[in-house]
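Right, one structure below, let's go through it.
Values quoted throughout were computed directly from the atomic coordinates according to the rules given, and no laboratory measurement underlies them. Computed from a predicted structure; not experimentally measured. Methodologically, a virtual Cβ is constructed for each residue, glycine included, from the backbone with ideal geometry; neighbour enumeration extends over all protein chains shown.
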Ligand SMILES: Cc1ncc(C[n+]2csc(CCOP(=O)(O)OP(=O)(O)O)c2C)c(N)n1
């Protein structure tokens with residue numbers, strides 16, 4: 001038995017023979033499962049199979065305890081090679097190959113078309129190419145921050161080397177000195193549309209070298225060479241290393257070799273029979289097709305609870321005399337959390353905006369836990385997601401346009417991976433001010449609306465921000481908190497007492513009712529909240545009584561809150577956000593789903609706007625107190641006429 005962990009520099013002849021036999025069996029499984037499913041990606045699976053066998057047999061893993069905390073992390077970035085990954089995992093004992101083959105790509109089965117984190121042994125769901133190395137960087141950083149001794153391995157393809165995110169990840173790995181990170185690139189020279197050199201030439205080795213990686217080039221079908229190179233990479237304590245594995249797509253079946261056609265299609269029945277014959281294996285298509293009606297016995301992996309803050313420090317209270325912006329309240333709460341939780345590994349990721357997003361104080365207090373990722377948001381989003389599933393309480397703070405819009409698909413993959421990233425985005429809405437259209441993040445609620453796990457908080461003032469940030473740190477799951485840029489008034493009761501102070505506790509999904517009124521209801525979120533309250537007070541003096549509900553969780557409006565909102569004949573939603581997909585959309589959806597109608601008015605943003613001072617932009621869009629009051633006044637009059 002060769003010990004796990006790549007500590008043995010060479011493999012003996014018996015082990016090498018054994019590996020060859022396993023590779024052959026896996027090739028048979030790859031061809032059979034893709035033929036049973038009549039879809040999938042056999043070509044790359046067959047070029048990568050030696051790498052997968054090598055990693056899953058020799059990395060420090062416990063197949064019967066796939067979530068063991070100290071395990072090495074094996075991440076496969078070219079998720080379409082799931083037949084190869086799953087067959088190597090089955091070979092290593094993570095589950096039964098007899099359960100895998102009949103249920104590959106079948107509705108309801110755990111064995112999805114691209115590698116899925118619910119499968120025992122899979123660390124990160126991929127399929128959107130170019131993200132796996134970032135997940136590996138996140139895992140290696142998490143080892144450093146948690147004191148974990150694990151090594152991170154990332155298997156990649158050559159086609160995905162085109163992606164910019166890969167370069168972002170390579171650079172961060174070197175900058176952070178991640179020598180416990182090893183990449184194996186399957187350089188088969190083929191991708192969907194043909195030869196990689198024709199589709200988009202990339203000098204993979206030169207790119208890694210240019211960014212400071214150690215590299216070795218080997219025959220990726222030669223177990224002895226592959227093992228030796230990986231063992232040397234693991235032993236290199238000076239830098240991250242990449243093993244460039246020269247391979248042949250479709251390796252082992254003559255008519256599949258070097259053919260782009262077999263990148264992504266299962267074989268016909270005749271091709272399958274011929275291929276199995278060539279491999280010297282028994283074709284068993286009918287047998288497995290017959291098993292397809294039986295239930296899939298492999299169940300999704302249950303992951304341990306993530307790192308969350310258990311103590312978050314005493315809340316701060318802000319007053320209107322000294323105006324504060326929400327982002328400063330976020331930055332201050334963050335420092336408090338770090339101070340209160342010395343035992344919880346914590347990290348704050350930055351993309352060259354710490355000063356603006358107010359994480360500088362944290363960076364000064366905890367330089368060990370502050371990671372500057374540069375202008376590399378795609379990478380940062382995935383790094384953050386991966387850190388959050390590897391024992392680190394992970395925050396990323398950025399402008400809304402970069403943390404949400406720029407990294408939309410990475411945040412979607414964080415959702416799919418059931419990550420626990422805490423995203424604090426500032427400069428949202430027109431309140432970005434003079435930076436103009438390119439920086440107006442008007443869809444921060446809308447973007448996350450279409451994910452199924454992300455929760456979104458839009459606090460109304462610095463006090464609510466403070467409480468919401470502390471709450472967010474104590475929660476599992478992906479949560480975004482979205483803020484503007486300007487100093488905001490403290491929301492106060494009619495008697496002047498701050499609303500979100502003293503014994504106020506943030507509760508996700510709860511509307512805070514700060515004014516009562518029978519003529520109209522304003523539901524407001526975020527930056528214009530103070531203006532909406534002032535508008536209600538202006539209108540009260542004019543005899544129009546308007547209720548105001550502050551919505552801090554715009555994706556959740558409870559039945560009770562909506563019924564209360566509808567007690568008045570006019571409903572006005574107010575938001576520094578696109579009216580198409582923010583608070584107004586949630587309210588409209590509730591009305592439609594509950595068969596209710598009302599006089600419904602949306603105040604918000606319905607197009608990109610010019611640059612300018614925030615207050616000017618907000619007032620030009622009826623998002624200041626006078627603007628909101630005039631809209632409400634107009635509609636209450638019309639409604640009663
Ligand atoms: C971001 C992204 N763009 C496009 C695709 C569609 N796609 C799937 S595989 C592939 C190229 C495959 O080339 P390579 O990764 O080298 O795989 P191989 O053919 O070697 O299996 C593409 C473009 C994708 N999965 N992800």
Grab the helices (runs of 4 or more DSSP H) fully contained in region 121-227, keeping just those with 2 or more residues being more than 22 Å from residue 373 (Cβ to Cβ) and within 11 Å of the ligand (Cβ to nearest atom).
196-199
Picking from 47, 35, the residue that is buried (at least 24 other Cβ atoms within 10 Å of the Cβ), in a helix (DSSP H, G or I) and out of contact with any helix residue (DSSP H, G or I) (no Cβ under 8 Å at 6 or more places or on another chain) would be 47
Consider residue 374 carefully, then state whether it is part of a loop (DSSP other than H, G, I, E, B) and surrounded by 19 or more Cβ atoms within 10 Å (Cβ to Cβ).
no
Give the number of residues within region 228-265 that are within 30 Å of residue 35 (Cβ to Cβ) and part of a strand (DSSP E or B).
2
Selection status of residue 47, more than 26 Å from the chain's Cα centre (by Cα), within 16 Å of the ligand (Cβ to nearest atom) and more than 17 Å from residue 154 (Cα to Cα)
no
Part of a loop (DSSP other than H, G, I, E, B) and within 16 Å of the ligand (Cβ to nearest atom): does that describe residue 40?
yes
Of all residues in region 385-409, which are out of contact with any strand residue (DSSP E or B) (no Cβ under 9 Å at 6 or more places or on another chain) and crowded, with 24+ Cβ neighbours inside 10 Å?
389
Residues of region 297-328 being farther than 30 Å from residue 396 by Cα and crowded, with 17+ Cβ neighbours inside 10 Å, in sequence order, are 298
Filter region 99-124 down to the residues that are in contact with a helix residue (DSSP H, G or I) (Cβ under 9 Å, 6 or more places away or on another chain) and free of Cβ contacts under 8 Å to residues at least 40 places away in the same chain and list them by number.
112, 114, 115, 116
Restrict the check to region 129-150 and report whether at least one residue is surrounded by fewer than 24 Cβ atoms within 10 Å (Cβ to Cβ), under 17 Å from the mean Cα position of the chain (by Cα) and under 22 Å from residue 86 (Cβ atoms).
yes
Out of the helices (runs of 4 or more DSSP H) lying entirely within region 401-489, which hold 3 or more residues that are over 19 Å from residue 607 (Cα atoms)?
408-416, 462-473
